[in-house]
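These notes are about the structure you will find just below.
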Amino acid sequence: MALSLDFLAKTLLDAPVGRVEQTIQEIIKRPVCLDVLEQKLISETTYKRKIVISFGQIPIVHATVRFDSKLIPKLIMTELLQKKEGIGNILRKHDIAVQRNNLEIYVEPNGKKITREYEIWYDDLIWFDITEEIRLDLLNSCQNR
């Protein structure tokens, strides 16, 4: 049974930091895949990472993450540079509790897509700037597969 787009939006927007992937899996009751599409150095110490969370060939979330290597501990940076795991998994693995500061959330009038920008803070420092596009219509269609 498909869930309402409003319910899906609230569920994903309320997901704890670093738990969007797991929240999507709980909604569709199937595994999803997080892929790092690209990660590159864009200035002396600043990186840009593009990821997609998908179910099969269906992209549900596209995100762009910016982070500065001089602000993040070496152990965390080493794992980020390996591009094997999502940021949330890396932070949880090291028991690092962070906070989200939402900057902007936009829900399309038809309710099919959410765009949000937020920061992830640790110890009064911005570790990550994230822009996400969440396709609620595609997420909804994945529930019926």
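The values are calculated or read from the model by the stated rules, or taken from the named source; none is laboratory data. Quick caveat: nothing in here was measured; it's all calculated off a predicted structure. Neighbour counts run over all protein chains shown; Cβ positions are idealised from the backbone, glycine included. Keep in mind that these areas ignore ligands, DNA and RNA; they rest on the heavy atoms of the full protein, side chains included. Shrake-Rupley method; radii C 1.70, N 1.55, O 1.52, S 1.80 Å.
Cα centroids of the stretch 29-97 and the stretch 120-141: 11 Å apart. With a 10 Å cut-off between alpha carbons and a GNM built on the chain, which of Thr78, Thr131, Thr64 moves the most? Looking only at Thr78, Thr131, Thr64, the largest GNM fluctuation is found for Thr78. Note on the chain: with a GNM built from Cα contacts shorter than 10 Å, the maximum mean-square fluctuation among Ala97, Ala63, Ala15 falls on Ala97. 3J(HN,Hα) along the stretch 64-71: 10, 10, 10, 8, 10, 5, 6, 9 Hz, from the Karplus curve 6.51 cos²θ - 1.76 cosθ + 1.60 with θ = phi - 60°, whole Hz, x for Gly and Pro.
Lysine pairs in the stretch 1-130 with alpha-carbon atoms under 13 Å apart, 8 or more places apart or on different chains: how many are there? Provide the component values of the computation, followed by the final result.
On the way: Lys10/Lys112; Lys10/Lys113; Lys40/Lys48; Lys40/Lys50; Lys40/Lys83; Lys48/Lys83; Lys50/Lys83; Lys50/Lys84.
Going through the stretch 1-130 pair by pair, I get 8.
Could you give the accessible area per residue of the stretch 47-121, probe 1.4 Å, as a whole number in Å²? Walk me through the numbers on the way to the answer.
Details: 4030 Å² over 75 residues.
Per residue, the stretch 47-121 has 54 Å² of solvent-accessible surface.
Modelled this way, with points 7 Å down the Cα-to-C-beta line, the labels at Gln25 and Leu75 are 2.3 nm from one another. Of all the options Glu79, Glu108, Glu133, the one that moves most in a Gaussian network model of the chain with Cα springs shorter than 10 angstrom is Glu108.
Placing unit charges on the Cβ atoms only, positive for Lys and Arg and negative for Asp and Glu, gives the stretch 87-145 a dipole magnitude near 460 debye about its Cα centre.
For the set Phe128, Phe7, the ranking by accessible area, highest first and with no ligand, DNA or RNA atoms included, is Phe7, Phe128 under a 1.4 Å probe. Of the solvent-accessible surface of the chain, computed with a 1.4 Å probe and all protein chains present, 51% belongs to carbon and sulfur.
Once the chain from Thr115 to Leu138 is taken as fully extended at 0.36 nm per residue, the excess over their C-alpha distance is 6.9 nm. Gain on full extension, evaluated as 0.36 nm per residue between Cys33 and Asp123 minus their Cα-Cα distance, stands at 29.4 nm.
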